[in-house]
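Trainee: I'd like to ask you about the structure that follows.
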Amino acid sequence: MKLNELFDLSGMEKNAERLKKNAKRQADIAKAAQARLKMLKAQQQLNDIRRPFQSA
């Protein structure tokens, strides 16, 4: 293997690692957004249940 091929391979490996980290970060962001949405829906359901009792 030539020296420039080794550098190219090293660059490709670094790029693959960067892409993996980006994908994990995006998955974590999506998971957090889903958790927030679930909490908001639960909060809305709780508010809907409480609403008839507040007006009485």
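The values are calculated or read from the model by the stated rules, or taken from the named source; none is laboratory data. None of these values were measured; they are calculated from a predicted model. Reconstructed Cβ throughout: ideal geometry from the backbone, glycine too, with neighbour counts over all protein chains shown. We work out accessible area using only protein heavy atoms, side chains counted, and drop any ligands, DNA or RNA first. Shrake-Rupley method; radii C 1.70, N 1.55, O 1.52, S 1.80 Å.
Trainee: Might you let me know whether segment 34-56 holds any residue that is among the aliphatic types (A, V, I, L, M) and at pLDDT below 90?
Mentor: yes
Trainee: Then there's this: With the structure loaded, tell me whether Asn22 is out of contact with any His (no Cβ under 7 Å at 6 or more places or on another chain), open to solvent by less than 100 Å² (accessible area, probe 1.4 Å) and part of a helix (DSSP H, G or I) or whether it fails that test.
Mentor: Yes: the conditions hold for Asn22.
Trainee: Would it be correct to say that Gln54 is in a helix (DSSP H, G or I), of a type outside the set (A, V, I, L, M, F, W, C) and surrounded by 10 or more Cβ atoms within 10 Å (Cβ to Cβ)?
Mentor: no
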